[in-house]
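Data block below; observations after.
Each value in this text was obtained by applying a stated rule to the coordinates, not by laboratory testing. Quick caveat, the model's predicted, so the values are computed rather than measured. Virtual Cβ from ideal backbone geometry, glycine too; neighbours counted across all protein chains shown.
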Amino acid sequence: MARTPAVLIVDQDPEARFHVKRLLGQVPFEFAGDVGLGVEAAVRAAEARPDIVLCGLREPVARAFQTIESLVHALPQTPLIVYAESSDLALVRRAMQAGARDFLHAPFTPDELSRSLAEALETEERRRLRETGAAVSGPHGRLITVFGAKGGVGKTSIATNLAVALTRRAGQATVLVDLDDTFGDAAAALSVAPERTVTEAVRQLPEAAGRKRALASHASGLAVLAAPQSPLEWRGITGDQVRALLRELTREYDAVVVDTASSLGDVSVAALQEAGRVLWVSTPEYASVRDSLQAFQAVRSLGAPQDRIGVVLNHTSSEIEVPPSSIEEALACPIFWSVPYDRRLRHAAQLGEALIDADPASPAAASIAELALVLTGAVRAPATSRRTLRSVLAGRIAGPRRPQWREGEALP
């Protein structure tokens, strides 16, 4: 009979510890004890050896962060989840950087607590099996496909920076897969020089060791499956083979970010159909919106799940050509996220840098970092996009509205 995972509660407020303990009694986890902050917490954790640590974060936060760091140092393989009444993004980022695996916004429900605890254990199990080279089964990681119907919309910049942000900011074991079967350059955008490519990984399925050899590593810890230099190397690769590779990777990683071509070939369609989240990148320019509309119609005809698609509006120019409300009407799909104009985003890619690393305080980097935390559920979406977030993540978009704009007509 499997042992029930035990949870240690760490909080300087005894009343808060009592409340969390009551919630813990309503979920399928055991109570391993509770303790305050400081050295006492690290000593108790080392004695109790819990499966998970729940740590409250409240003012003054300096001592709480010191405690988090000491707990992570003492039990590096034990997931630590932070909870706080504040949802300040800077606080969430700092908690993740200190080693937290998840962030719960208090007050939370027993279901939210149970889901966070279970996901933390699943993530740790995938990490352990991945390091030992064992086959990974059970719950899968997130598959996020980044698509753009037109070149030059910043699709690769968003995919690469999002993958680095998921690794650095959200603490996710992440792999970036370049499935651009024309001239993929995701590895070059990160100054990664791979010895092998994604097409080799596809052909070596189901050999786990072969997939691992094809991986390159970025300085952030991000794993990268690069596209081959010649499009000819894609010959013979089928959509079914791509699907099989992506399914294997979601068993091994917390997050799989896929960069695609700007066309709807077999490889891109497979990535779109397999995705749990599709980030559809467009700019506010008329040509980009027009191409997105045409591609949307094609995707709908292919039966791809529309409830997983969220439009990411990338402002590549300081001049907005088409209002966001008109874009939503044209595409019959709400805007999920908006990346502000930041000329440094493209410039960093040209230098082979992730803007997340080169200039994390820049507008685009801050926006993409927040997007990473939203996709993992660590923070809630801003009020302006919360309606879209709920629909996309929960899969409750009722269906496409009839567009009020058709190709050839002027946008309102």
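Points to keep in mind about this one:
- For region 5-55 versus region 89-118, the gap between their alpha-carbon centres in whole angstrom: 14 Å
- Derived scalar couplings ³J(HN,Hα) [region 95-109; Karplus, 6.51 cos²θ - 1.76 cosθ + 1.60; whole Hz; x for Gly, Pro]: 5, 5, 5, 6, x, 5, 8, 7, 9, 10, 7, 7, x, 10, 8
- GNM result for the chain, Cα springs below 10 Å: residue of Gly236, Gly276, Gly36 fluctuating most strongly: Gly236
- Cβ-based net charge around Ala165, under 14 Å, with every Lys or Arg adding one and every Asp or Glu removing one: -1
- Overall form of region 6-132 per C-alpha gyration tensor (a/c, 1.5; a/b vs b/c): rounded
- Estimated inter-spin distance, Glu125 and Gln77, nm [label 7 Å along Cα→Cβ]: 1.5 nm
- Prolate/oblate/rounded label for the chain (Cα gyration tensor, a/c 1.5): prolate
- Taking all Cα-Cα distances within region 212-341, those exceeding 22 Å account for 46%.
- Computed from the C-beta positions of Ser317 and Glu47 and an R0 of 56 Å, the FRET efficiency is 0.45 to the nearest 0.05.
- GluC sites (Glu not before Pro) restricted to DSSP loop in region 285-344 with at most 16 other C-beta within 10 Å: Glu319, Glu321
- Loop-located trypsin sites (Lys or Arg not before Pro) across region 217-287 with a Cβ neighbour count of 16 or fewer within 10 Å are Arg235, with loop assigned by DSSP.
- Cα centroid separation, region 152-171 to region 204-275 (Å): 16 Å
- Dividing the summed -39500 (n - 2.57) terms of all DSSP H runs of n ≥ 4 by the residue count of the chain sets its mean residue ellipticity at 222 nm at -13000 deg cm²/dmol.
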